[in-house]
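Q: My questions will all concern the structure given below.
The values are calculated or read from the model by the stated rules, or taken from the named source; none is laboratory data. These numbers were taken from a predicted model, which means no experiment stands behind them. Here Cβ is always computed from backbone atoms with ideal geometry, including for glycine, and neighbour counts include all displayed protein chains. Quick note on the areas: whole protein, heavy atoms, side chains included, nothing else; ligands and nucleic acids left out. Shrake-Rupley method; radii C 1.70, N 1.55, O 1.52, S 1.80 Å.
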Amino acid sequence: MAKISAPKATSAPSPMTTAEAVIATLVAHGLDSLYALPGLQNDLLFEALYRFSDRLRTVHTRHEQGAAYMALGAALATGKPQAYAVVPGPGFLNSAAALLTAYSMNAPVLALIGQIPDADIGRGLGHLHEIRDQGGIIKRLVDHSARIRKPQEASRTTALALRAMLMGRPGPAALESGMDVWGHSARIALQGPLPIPEPKIDAAAIRRAAKRLGAAKRPMIVCGGGAQDAAEEVTALSAMLQAPVLGYRRGRGILDSRDPLSVTLPLGRELWGEADVILAVGTRLLIQFRQWGVDRDLVVIRVDADPEEHDRLRKPAVTLTGDAKPILQRLIAELPAHNAKRASRSGEMRERQARWRKRLEKLSPQIAFLEAIRAELPEDGIFVDEVTQVGFASRLLFPVYKPRTFLSPGYQDNLGWGFATALGAQHARPDVPVVAITGDGGFMYTANELATAMLHRIPLTTIVFNDGAFGNVRRIQQERYGNRLIGSELANPDFVAFAESFGAEAVRASTPEELRRALRRAFANRSGPSVIEITVGAMPSPWEFIFMDAVRGR
Ligand SMILES: Cc1ncc(C[n+]2csc(CCOP(=O)(O)OP(=O)(O)O)c2C)c(N)n1
Ligand SMILES: [Mg+2]
């Protein structure tokens, strides 16, 4: 994650409300947008947002999950903190799936959550939107939360939350404020970005890691979301070690897919079976340890911002705690003294990639659409994955060239995240095209936000793969449960007419060639959203390439 390193800047005190102090602090930290849905408890917050509208854009949505997913998408696409604001109770709970996803993805999202009058919190009087122990519920969802009680503490409390979102393991934070407290005012000294202490890099551990890696016969690098800001370093280490780099979902795009050493599943599993030393960067290694297996012969070196992550599953040989980038830089400096002479593995890797590619051709309908998207999406364009057939295939097959250009939900894998998350990504990155792919099931979770895209002129392109079903569930019922179909067929609107009714550009495509043409038109339309509907049949199952059995420790 991008770190805020500016020293604390404190301006002369001037009278401000709590709400103004919070907003001014967001602005002082570089935020330029707030995704939000208004309501009584936040009226005074919106009053302040009105006053700050030249410095902070308020992007209001049609449902709180839309606001929170937009903040998440903006955070994932930029690597910078983003914020959303909602009313308490139902407003907060409506946003909770997105907040949970932000937690699972270590995404720096700040939730500003309204409250009933401060003095009545906890009394169970039945105020509008009151919810029992809202603060307690929030505490379970994020690592850092606080309730602002008076204007004098508003700015510093906000700055502390923003720092917590980037310090150590990044993640979301939440702030509550009573509806009356938003409006209380005082002379307030604004708090600028607080310094983020970097953990000292353990020089002895760097040397041990360099020795192990340098002597390895079959080193391999495994990247997760925590490596997103260390692409250059991972690329250099991969070349020095001739080590394949495995990235799946959140780890994709760290080593450019065009590099023959860049692998995903299922070739990654095969290589895991052969490896002698693993360098794991910002990844949980859950698939590797739990599905692919591990044994005494495998030396694991872990780089993670969160020291608790290192030995959750197994004690590694070497642990390095902190930001991946500076740690890998130190490793790059140390490695030449220990590194073996290595022949290029490019030829071998190209051959093995091609062999797996042939087997993956089973997923040909998915592949054909993904190839059409890749052919039209510029190198730095952003692809947003969903829990749908083409999405599952994209995690295995879509070539990704740069970090933060392949947004895939973390382990929540929550259906319906995609469209609104992509809207946030496109809002925060108006300079590149963003394409969301979604099933008919997933799209309808937040399709109402087409209205948001129209109002705020967000030029997102969305491809809806319509198979008239929760296709993934249907296929499982067909294959594993004797074709006893239940709860998996869908009645859909005409998606083209539906999108057009909002004023969006919409078109139907049926072949990959038609999709390419439609994408060209959609990417050229920068004034608002475009929707492309593709009617599809059942698609071949990807699961044999994703849930694979052990290759070690059997
Ligand atoms: C929040 C959430 N609810 C339910 C699921 C279970 N689920 C996984 S895939 C799926 C169906 C997806 O349907 P659709 O979006 O149409 O994609 P398709 O499989 O048809 O391509 C469901 C219900 C989930 N992953 N997340
Ligand atoms: Mg479907």
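Q: Which one is nearest to P540 (Cα to Cα) among residues in the range 464-509 that are small (G, A, S), loosely packed, with under 15 Cβ neighbours inside 10 Å and free of Cβ contacts under 8 Å to residues at least 40 places away in the same chain?
A: Let us first name the residues in the range 464-509 that are small (G, A, S), namely 468-469, 471, 482, 487-488, 491, 497, 499, 501, 503-504, 506, 509.
Of the ones still in play, those that are also loosely packed, with under 15 Cβ neighbours inside 10 Å are 482, 487, 491, 497, 501, 503.
If we keep only those that are free of Cβ contacts under 8 Å to residues at least 40 places away in the same chain too, we end up with 482, 487, 491, 497, 501.
Working: G482: 17, G487: 20, A491: 22, A497: 29, S501: 33 Å.
Restricting to residues being small (G, A, S), loosely packed, with under 15 Cβ neighbours inside 10 Å and free of Cβ contacts under 8 Å to residues at least 40 places away in the same chain, the top hit is G482.
Q: Pull out all pairs, ordered by first then second residue, where Cβ-Cβ is under 6 Å, the residues are six or more apart or on different chains, the first lies in the range 62-85 and is over 18 Å from P38 (Cβ atoms), and the second is assigned to a helix (DSSP H, G or I) and open to solvent by 10 Å² or more (accessible area, probe 1.4 Å).
A: A74/A428; A77/A428; T78/A428
Q: Evaluate the range 319-342: report whether one residue or more is touching a His at 6+ places or on another chain (Cβ under 6 Å) and buried (at least 18 other Cβ atoms within 10 Å of the Cβ).
A: First, the residues of the range 319-342 that are touching a His at 6+ places or on another chain (Cβ under 6 Å): 319.
So of that shortlist, the ones also buried (at least 18 other Cβ atoms within 10 Å of the Cβ) come out as 319.
Among the residues of the range 319-342, at least one is touching a His at 6+ places or on another chain (Cβ under 6 Å) and buried (at least 18 other Cβ atoms within 10 Å of the Cβ), which makes the answer yes.
Q: A further question follows. Anything in the range 436-463 that is within 16 Å of ligand 2 (Cβ to nearest atom), polar (S, T, N, Q) and more than 16 Å from A538 (Cα to Cα)? List them, or say none.
A: Start the filter on the range 436-463 by keeping residues that are within 16 Å of ligand 2 (Cβ to nearest atom), which leaves 436-447, 462-463.
Adding the requirement that they be polar (S, T, N, Q) leaves 438, 446, 462.
T446, T462, listed by residue number.
Q: Kindly check whether there is at least one residue in the range 203-213 that is assigned to a loop (DSSP other than H, G, I, E, B), open to solvent by 10 Å² or more (accessible area, probe 1.4 Å) and in contact (Cβ under 8 Å) with a residue 24 or more places away in the chain. Give the derivation first.
A: Going through the range 203-213, the residues assigned to a loop (DSSP other than H, G, I, E, B) turn out to be none.
There is no residue in the range 203-213 that is assigned to a loop (DSSP other than H, G, I, E, B), open to solvent by 10 Å² or more (accessible area, probe 1.4 Å) and in contact (Cβ under 8 Å) with a residue 24 or more places away in the chain.
Q: Further question on the same structure: Return the residue satisfying two criteria in turn: it lies in the range 454-490 and is charged (D, E, K, R) and under 30 Å from V432 (Cβ atoms), and of such residues it is farthest from ligand 1 (Cβ to nearest atom).
A: First pass over the range 454-490, keeping only residues charged (D, E, K, R): 457, 467, 474-475, 479-480, 484, 489.
The next check asks that each one be under 30 Å from V432 (Cβ atoms); those that pass are 457, 467.
Numbers: R457: 27, D467: 5 Å.
Going through the qualifying residues, I end up with R457.
Q: Another question about this same structure. Please count how many residues of the range 502-519 are out of contact with any Leu (no Cβ under 6 Å at 6 or more places or on another chain) and assigned to a loop (DSSP other than H, G, I, E, B). Walk me through how you get there before you give the answer.
A: At the first step, the residues of the range 502-519 found to be out of contact with any Leu (no Cβ under 6 Å at 6 or more places or on another chain) are 503, 505-508, 510-519.
With assigned to a loop (DSSP other than H, G, I, E, B) added as a condition, the list becomes 503, 510-511.
The qualifying residues number 3.
Q: What is the one condition in (1) more than 16 Å from ligand 2 (Cβ to nearest atom); (2) assigned to a helix (DSSP H, G or I) that P430 does not satisfy?
A: The failed condition is (2).
Q: At least 1 residues that are closer than 21 Å to L31 by Cβ and at pLDDT below 95 in each: list the strands (runs of 3 or more DSSP E) lying fully within the range 77-189 that qualify. Let's see the steps before the verdict.
A: Numbers: elements: 82-86, 109-115, 144-148, 173-178, 185-188.
So the answer is 185-188.
Q: Taking interchain pairs and intrachain pairs at least six residues apart, which have beta carbon atoms under 9 angstrom, with the first residue in the range 247-269 and on the phi > 0 side of the Ramachandran plot and the second assigned to a helix (DSSP H, G or I)?
A: Within 9 Å, the pairs are R249/G225; R249/R395; G253/A231.
Q: Kindly establish whether F419 is within 15 Å of the chain's Cα centre (by Cα), within 16 Å of ligand 2 (Cβ to nearest atom) and in a helix (DSSP H, G or I). Explain how you work it out, then say what you get.
A: Values: within 15 Å of the chain's Cα centre (by Cα): yes; within 16 Å of ligand 2 (Cβ to nearest atom): yes; in a helix (DSSP H, G or I): yes.
Taking the combined requirement at face value, the residue satisfies it.
Q: I would also like to ask the following. Residues of the range 270-288 being assigned to a helix (DSSP H, G or I) and farther than 20 Å from M105 by Cβ, which ones? Reasoning before the result, please.
A: From the range 270-288, those assigned to a helix (DSSP H, G or I) are 270-274, 286-288; that's our starting set.
Within the range 270-288, E270, L271, W272, G273, E274 qualify.
Q: State all residues of the range 221-244 that are more than 24 Å from the chain's Cα centre (by Cα) and of a type in the set (A, V, I, L, M, F, W, C); if no residue qualifies, say none.
A: Once the filter is applied, which keeps residues that are more than 24 Å from the chain's Cα centre (by Cα) and of a type in the set (A, V, I, L, M, F, W, C), the range 221-244 yields A236, L237, A239, M240, L241, A243.
Q: Test of understanding: among T511, T452, which residue is hydroxyl-bearing (S, T, Y) and either touching a Phe, Trp or Tyr at 6+ places or on another chain (Cβ under 7 Å) or closer than 20 Å to G418 by Cα (or both)? Please lay out each step first, then the result.
A: On the way: T511 fails: either touching a Phe, Trp or Tyr at 6+ places or on another chain (Cβ under 7 Å) or closer than 20 Å to G418 by Cα (or both).
None of the others qualify; the one that does is T452.
Q: Identify the residue in the range 397-412 that is open to solvent by 10 Å² or more (accessible area, probe 1.4 Å) and more than 24 Å from L450 (Cβ to Cβ) and, among all such residues, is nearest to ligand 2 (Cβ to nearest atom).
A: Among residues in the range 397-412 that are open to solvent by 10 Å² or more (accessible area, probe 1.4 Å) and more than 24 Å from L450 (Cβ to Cβ), the one nearest to ligand 2 (Cβ to nearest atom) is L397.
Q: Suppose we filter the range 413-444 for residues that are surrounded by fewer than 23 Cβ atoms within 10 Å (Cβ to Cβ) and within 9 Å of ligand 1 (Cβ to nearest atom); how many remain?
A: Within the range 413-444, residues that are surrounded by fewer than 23 Cβ atoms within 10 Å (Cβ to Cβ) and within 9 Å of ligand 1 (Cβ to nearest atom) number 4.
Q: Please enumerate the residues belonging to the range 418-449 that are of a type in the set (G, A, S) and in contact (Cβ under 8 Å) with a residue 60 or more places away in the chain. Before the answer, list the steps.
A: Within the range 418-449, the subset of a type in the set (G, A, S) is 418, 420, 422, 424-425, 428, 436, 439, 441-442, 447.
Result: A420, A422, G424, A425, A428.
Q: Another question, then. Looking at A83, is it under 23 Å from D143 (Cα atoms), aliphatic (A, V, I, L, M) and open to solvent by 10 Å² or more (accessible area, probe 1.4 Å)?
A: Answer is no for this residue.
Q: Moving to a separate point now. Quick check on the range 42-62. Is at least one of its residues outside any loop (DSSP other than H, G, I, E, B), under 24 Å from D413 (Cα atoms) and among the acidic types (D, E)?
A: no
Q: Related question: Kindly indicate which of A499, A451, A447, A522 is of a type in the set (G, A, S), within 16 Å of ligand 1 (Cβ to nearest atom) and part of a helix (DSSP H, G or I). Even if it seems obvious, please write down each step before you answer.
A: On the way: A499 fails: within 16 Å of ligand 1 (Cβ to nearest atom); A451 fails: within 16 Å of ligand 1 (Cβ to nearest atom); A522 fails: within 16 Å of ligand 1 (Cβ to nearest atom).
Sole residue among the options that is of a type in the set (G, A, S), within 16 Å of ligand 1 (Cβ to nearest atom) and part of a helix (DSSP H, G or I): A447.
Q: I've got another one for you. Quick check on the range 377-386: of everything there that is over 16 Å from Q228 (Cβ atoms) and open to solvent by 30 Å² or more (accessible area, probe 1.4 Å), which residue is farthest from ligand 2 (Cβ to nearest atom)? Break it down stepwise before answering.
A: From the range 377-386, those over 16 Å from Q228 (Cβ atoms) are 377-379, 381, 386; that's our starting set.
From what is left, the residues that are open to solvent by 30 Å² or more (accessible area, probe 1.4 Å) are 378-379.
Numbers: P378: 28, E379: 29 Å.
Here the residue is E379.
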